[in-house]
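Right, one structure below, let's go through it.
The values are calculated or read from the model by the stated rules, or taken from the named source; none is laboratory data. All values derive from a computational prediction rather than experimental measurement. Here the Cβ positions follow ideal geometry from the backbone for every residue, glycine too, while neighbour counts run over all protein chains shown. Just so you know, the surface numbers come from the protein's heavy atoms only, side chains and all, with ligands and any DNA or RNA stripped out. Shrake-Rupley method; radii C 1.70, N 1.55, O 1.52, S 1.80 Å.
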Amino acid sequence: MPESRCLQGIWSSPWIFIFAASGSAVGLGNIWKFPYVLGQNGGGAFLLVYCLCLLLVGLPVLIAEVALGRTVRSNPIDTVNDLSERRIVHSAWVVVPWIAGITGFLILSFYSVIAGWSFAYLERAISGDFMGITSSSATDMFSELLAEPSEMLLWHSVFVVLVVMTVGQSVTRGLSAVVRFLLPALVITLGALAVYSVSIGDMDSTLRFMFQWSWQDVTFDVVLAAVSLALFSLSVGMGAMFAYGAYINKRMSIARACTIVVGVDLLVALLSGLVIFPLVFAFQIDVEAGPSLTFVSLPIIFGNLIGGQFFASIFFLLLVIAALTSAISMLELFVAWLHEKFYIARLKAAFLMGVLVWFVGVAVLLSFNHWDSDIVLGLNFFEVLDSVTSLILLPIGAILLSILVAWFIPHAMLQNEMITQRLSHFQWWYNVLKYISIPAMVMITVAGWIGV
Ligand code: PHE
């Protein structure tokens with residue numbers, strides 16, 4: 001193992017890991033994806049299932065991923081190779097980190113395009129373009145952005161360069177300092193915006209939409225969407241947390257740290273919902289609008305707010321930083337592997353990956369305009385990537401990883417990893433993972449695929 005990992009690559013305190021892992025979890029998934037997926041899946045029923053998924057699937061799998069990262073303290077691919085050399089698991093299990101890495105890579109290639117939208121909106125915010133905006137001009141503003149690839153290309157490229165430069169450094173350096181400031185700032189800003197949005201928007205419809213549900217709304221599609229969003233939002237099933245787990249020191253309670261991460265992640269998602277939906281209902285924006293929902297409703301808030309230009313600039317700046325702290329964790333798996341296995345400098349490894357991400361991202365941004373044609377099942381390239389990663393690769397990655405941890409890694413080895421947990425807590429986690437999370441993920445994913 002190269003020296004750098006041993007000397008610089010350990011989080012110096014549990015809180016730093018918590019901040020970094022929350023930085024990976026909190027991102028566009030909470031502020032952009034959560035509201036629109038909630039909108040498309042009918043509101044309350046989805047939210048209820050989503051919370052259950054976070055607790056019964058997301059949290060146990062997150063703990064499993066982090067614990068596995070800590071067992072060998074190497075990148076995910078070498079971890080599995082090492083376990084197989086020690087005859088603990090079969091070498092075929094190396095497929096798990098590969099699926100995880102490829103999923104993270106594919107997600108990053110569209111994530112950087114969406115982060116580019118946030119950059120474009122940051123520029124508009126600073127220029128005061130939201131002032132006096134109406135719901136129809138907000139819709140036009142977003143459509144114009146999508147129609148013109150050159151601006152998206154610029155911001156996508158800027159974002160990829162930032163990701164490469166950040167991942168090129170050791171992740172444990174600097175990252176936690178940024179996230180330590182980012183998270184409280186984001187929560188406070190979203191909280192203040194939620195109060196404002198509720199005061200000018202339609203609170204009754206929002207509460208009814210988000211918190212009322214009935215059994216017939218709980219379909220397999222809704223459940224599959226909830227599981228996959230929970231995995232996406234917690235950054236699990238992609239090796240990101242696995243890679244971060246490798247940097248944790250032995251004294252830390254993994255379960256406690258992961259529970260805090262899940263709480264922060266849910267809080268930010270809920271606040272985003274409370275910011276966006278009161279306006280969606282008040283201004284009669286289509287709740288099922290999809291990916292445009294956040295980008296159409298937010299300018300309306302800022303356009304009507306005293307000091308809106310200032311708050312909009314702060315908000316979109318925070319959003320871009322939140323996207324960045326998530327994006328770097330998507331590349332970390334391959335960068336750490338290239339660095340540790342082939343001794344390629346981190347920056348060079350990040351650059352190689354960045355070039356690939358950039359090319360796939362260009363195809364994604366073209367799919368909103370010049371190349372807006374159906375690839376399969378009436379979906380364009382962006383929708384195909386989003387669906388393949390969220391509904392297929394992510395659940396498969398999470399299921400295989402959990403099976404590996406729950407059924408193949410020796411119990412004693414895991415227990416040793418969790419030494420800082422009370423035994424009863426360990427047993428709880430182990431049984432939930434084995435007998436609830438894995439069967440639930442398998443059933444839901446398969447049922448969702450065959451469209452039960
Ligand atoms: N969890 C991140 C978000 O909510 C997205 C992400 C996915 C990050 C996969 C890392 C790996 O925005």
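Numerical summary
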{"quantity": "Residue match in region 334-349 (condition: modelled with pLDDT under 90, open to solvent by less than 10 Å² (accessible area, probe 1.4 Å) and within 16 Å of the ligand (Cβ to nearest atom))", "calculated": "yes"}
{"quantity": "Which numbered condition Leu331 misses (of (1) modelled with pLDDT of 90 or more; (2) open to solvent by less than 10 Å² (accessible area, probe 1.4 Å))", "calculated": "(1)"}
{"quantity": "Scope region 350-376; condition more than 16 Å from the ligand (Cβ to nearest atom), β-branched (Val, Ile, Thr) and part of a helix (DSSP H, G or I); matching residues", "calculated": "Val355, Val362"}
{"quantity": "Hey, Thr294 open to solvent by less than 30 Å² (accessible area, probe 1.4 Å) and either closer than 16 Å to Phe34 by Cα or assigned to a helix (DSSP H, G or I) (or both) or not", "calculated": "yes"}
{"quantity": "Among residues of region 238-263, those that are more than 15 Å from Lys33 (Cβ to Cβ) and within 11 Å of the ligand (Cβ to nearest atom), counted", "calculated": "7"}
{"quantity": "Residue list for region 363-382, restricted to those being within 25 Å of the chain's Cα centre (by Cα), surrounded by fewer than 19 Cβ atoms within 10 Å (Cβ to Cβ) and either among the acidic types (Asp, Glu) or under 11 Å from Leu146 (Cβ atoms) (or both)", "calculated": "Leu366"}
{"quantity": "Pairs with Cβ under 8 Å, 6+ apart, first in region 13-40 and of a type in the set (A, V, I, L, M, F, W, C), second part of a loop (DSSP other than H, G, I, E, B) and more than 9 Å from the ligand (Cβ to nearest atom)", "calculated": "Ile16/Thr172; Phe17/Trp11; Phe17/Tyr247; Phe17/Ile248; Phe17/Met252; Ala20/Trp11; Ala20/Val171; Ala20/Thr172"}
{"quantity": "Tabulated pairs, region 292-310, first over 9 Å from Ile276 (Cβ atoms), second open to solvent by less than 10 Å² (accessible area, probe 1.4 Å) and modelled with pLDDT under 85, C-beta under 8 angstrom, 6+ apart or interchain", "calculated": "Gly308/Ile301"}
{"quantity": "Unmet requirement for Gly201, which otherwise passes all of (1) open to solvent by less than 30 Å² (accessible area, probe 1.4 Å); (2) within 30 Å of Val364 (Cβ to Cβ)", "calculated": "(2)"}
{"quantity": "Enumeration of residues in region 98-130 that are open to solvent by 20 Å² or more (accessible area, probe 1.4 Å) and either β-branched (Val, Ile, Thr) or modelled with pLDDT under 90 (or both)", "calculated": "Ile99, Ile102, Ile126"}
{"quantity": "Residue under evaluation Val95, criteria (1) farther than 21 Å from Leu356 by Cβ; (2) surrounded by fewer than 19 Cβ atoms within 10 Å (Cβ to Cβ), criterion not met", "calculated": "(1)"}
{"quantity": "Helices (runs of 4 or more DSSP H) contained entirely in region 196-275, each with at least 3 residues that are out of contact with any Ser or Thr (no Cβ under 9 Å at 6 or more places or on another chain)", "calculated": "203-211, 220-233"}
